[in-house]
Amino acid sequence: MASKVTPISGFQEWLPTERIAELIVLDTIREVFELHGFASINTRAMEPVDRLTGQGEDADKEIYGVRRLAAGPDDTGDVSLGLHFDMTVPFARYVLENSGKLTFPFRRYQIQPAWRGERPQRGRYREFIQADVDIIDEGGLPDHFEGELLLVVADVFSRLPIGDYQIHVNDRKICEGFYLGLGIEDVTGTLRIVDKLDKIGADGVRKLLLDAGCTPEQADQCLALAEIRSEDTGFVEQVRALGVRHDLLDEGLAKLAAVIEVANEHAPGVVVADLRIARGLDYYTGTVYETMLTRDPGYGSICSGGRYDALATDGKRTFPGVGISIGVSRLLGKLITEEGLTASRETPVAVLVAVTDEDSRPESMRVATALRSRGIPTLVAPKATKFGKQIQFADRRGIPFVWFPSADGDEVKDIRSGDQVAADRASWSPPSEDLRPSLVVPERL
């Protein structure tokens, strides 16, 4: 008896043309990561739950627990393993386990799925792909890496049709030092509340701050700090004008100013200092990043991360790091699903080799083998139908060329222009722009 297929929300499943567009984006990201000297690793999908929990106010609620449906004799019924919700926590564990085999500072990139048990909605999925770069060192990590990661992201986005964007940067030391200078003791709780500004607005945040024990003056100062934005180092004087003093605040201001200066020299117009950015995960200790599309800031961050100093530690050794993550699924949910980004064809094939009749199929296969040996994606026609139908088969799939084997000399036809020329299977190649599918960008981008 046939059963009805029931869709499950929160997962991306692309049609072939969309999947090719996704692969082009992933290949571009990988290429840029490697150009900047990052080495690829993979980590397992599951981590001990006790390693995943306690990383932020909402993280514990979003972890998918993992256990077998059919319990074995050794199963206790407790869920001890969970699917990772980001790449940073498993990467920190990976470094601890392999520190003796890694060369520091270690530059890693990782492109893998992650899972979060949150309510699926626009731009948010239960399963999603992240593309991360991190730099981690033993004992201490120079601050200059925090500016360097911004340049990696700027390089990636310069090669992709994402439209205008801005990377919003802050340093949590600024917030923490400012709150301490105000006399607020619960710094972490205050950070979490201020991080809700985009969700509940200034009035909602002010109420939560007052409920948490802040005085009206402290709440107003917290909101005043969060309103400061600057495309240069002018934010320093704006913070000073609020009249709060603390050594940690001074340190954060100096570090953020250095990051902004690096960004403005190498990627002008891309980065803005935004003192409302805090990031909800508790392991961040310094610079934090969030990236917004200029045309739709309400869509949320498509790339985020920050500095973490104590996430990777075994009690004796500490490996501080800084990382930034491109939310590939989130970005493509916008570009593909909402805005129509696609690929030039639904198959990698550049050439369809026609088959005159079934007796001649071996010769068509020889042509295909010769073309493939030179890196040309090639398909042999599945049926020896009329050539018109074989051309139609190629056209429907976006295959640009059809090859006609002949004892009198092979010919190849560009079915877009209609041009047909003699061709040698040992030397002919399609134009470079036709060898692989390419992105087809909507006019509005």
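The values are calculated or read from the model by the stated rules, or taken from the named source; none is laboratory data. Just so you know, these numbers come straight off a predicted model, no measurement behind them. Cβ placement follows ideal geometry from the backbone for every residue including glycine, while neighbour counts extend to all protein chains displayed. The accessibility values were calculated without ligands, DNA or RNA, using every heavy atom of the protein model including side chains. Shrake-Rupley method; radii C 1.70, N 1.55, O 1.52, S 1.80 Å.
Kindly indicate whether E148 is open to solvent by 20 Å² or more (accessible area, probe 1.4 Å), in a helix (DSSP H, G or I), of a type outside the set (S, T, N, Q) and farther than 17 Å from G327 by Cβ. For E148, the condition - open to solvent by 20 Å² or more (accessible area, probe 1.4 Å), in a helix (DSSP H, G or I), of a type outside the set (S, T, N, Q) and farther than 17 Å from G327 by Cβ - is met.
Check the range 302-310 and report whether any residue there is part of a loop (DSSP other than H, G, I, E, B), modelled with pLDDT under 95, surrounded by 19 or more Cβ atoms within 10 Å (Cβ to Cβ) and of a type outside the set (D, E, K, R).
The initial filter retains those residues of the range 302-310 that are part of a loop (DSSP other than H, G, I, E, B), namely 302, 309-310.
Okay, now just the ones that are also modelled with pLDDT under 95, so 309-310.
Going one step further and asking which of them are surrounded by 19 or more Cβ atoms within 10 Å (Cβ to Cβ), we end up with none.
Among the residues of the range 302-310, not one is part of a loop (DSSP other than H, G, I, E, B), modelled with pLDDT under 95, surrounded by 19 or more Cβ atoms within 10 Å (Cβ to Cβ) and of a type outside the set (D, E, K, R), which makes the answer no.
Among the residues making up the range 268-282, those that are crowded, with 19+ Cβ neighbours inside 10 Å and not in a strand (DSSP E or B) are V270, L275, R276, I277, A278, R279. Of all residues in the range 108-145, those satisfying the criterion of being open to solvent by 10 Å² or more (accessible area, probe 1.4 Å) and among the polar types (S, T, N, Q) are Q112, Q121, Q130. When you look at A258, is it under 17 Å from L151 (Cβ atoms), among the small types (G, A, S), out of contact with any strand residue (DSSP E or B) (no Cβ under 9 Å at 6 or more places or on another chain) and touching a residue at least 24 places away in the same chain (Cβ under 8 Å), yes or no? For A258, the condition - under 17 Å from L151 (Cβ atoms), among the small types (G, A, S), out of contact with any strand residue (DSSP E or B) (no Cβ under 9 Å at 6 or more places or on another chain) and touching a residue at least 24 places away in the same chain (Cβ under 8 Å) - is met.
When each of D132, D155, D143, D137 is tested for being under 20 Å from R51 (Cβ atoms) and either under 18 Å from the mean Cα position of the chain (by Cα) or of a type in the set (D, E, K, R) (or both), the lone residue that passes is D132. Screening the range 315-398 for strands (runs of 3 or more DSSP E) wholly inside it with 1 or more residues that are closer than 30 Å to D134 by Cβ and out of contact with any Cys (no Cβ under 9 Å at 6 or more places or on another chain) returns the ranges 321-327.
Select from the range 20-34 the residues that are charged (D, E, K, R) and surrounded by 15 or more Cβ atoms within 10 Å (Cβ to Cβ) and write down the one among them that is nearest to A131 (Cα to Cα).
In this case the residue turns out to be R30.
Could you give every pair whose Cβ atoms fall below 6 Å, whose first residue belongs to the range 206-229 and is open to solvent by less than 40 Å² (accessible area, probe 1.4 Å), and whose second residue is in a helix (DSSP H, G or I) and of a type in the set (K, R), counting only separations of at least 6 or pairs across chains? Listed pairs, sorted by first residue: A219/R206.
Quick check on the range 420-445: of everything there that is under 22 Å from T342 (Cβ atoms) and among the β-branched types (V, I, T), which residue is surrounded by the most Cβ atoms within 10 Å (Cβ to Cβ)? Once the filter is applied, the top-ranked residue is V441. Restricting attention to the range 150-173, the residues that are among the aromatic types (F, W, Y) and in contact with a Lys or Arg (Cβ under 7 Å, 6 or more places away or on another chain) total 0.
From the list D198, D250, the lone residue that is in a helix (DSSP H, G or I) and either open to solvent by less than 70 Å² (accessible area, probe 1.4 Å) or hydrophobic (A, V, I, L, M, F, W, C) (or both) is D250. Quick one: how many residues across the range 386-419 are open to solvent by 80 Å² or more (accessible area, probe 1.4 Å) and over 15 Å from V367 (Cα atoms)? Looking only at that region, the number is 8. Checking each residue in the range 369-384 for being under 10 Å from A354 (Cα atoms) and either surrounded by 14 or more Cβ atoms within 10 Å (Cβ to Cβ) or in contact (Cβ under 8 Å) with a residue 40 or more places away in the chain (or both) picks out L379, V380, A381, A384. When the range 283-301 is filtered for residues that are within 18 Å of the chain's Cα centre (by Cα), part of a strand (DSSP E or B) and closer than 22 Å to V262 by Cβ, the ones remaining, listed by number, are V288, Y289, E290, T291, M292. Residues in the range 250-276 that are in contact with a Lys or Arg (Cβ under 8 Å, 6 or more places away or on another chain) and within 17 Å of F157 (Cα to Cα): 1 in all.
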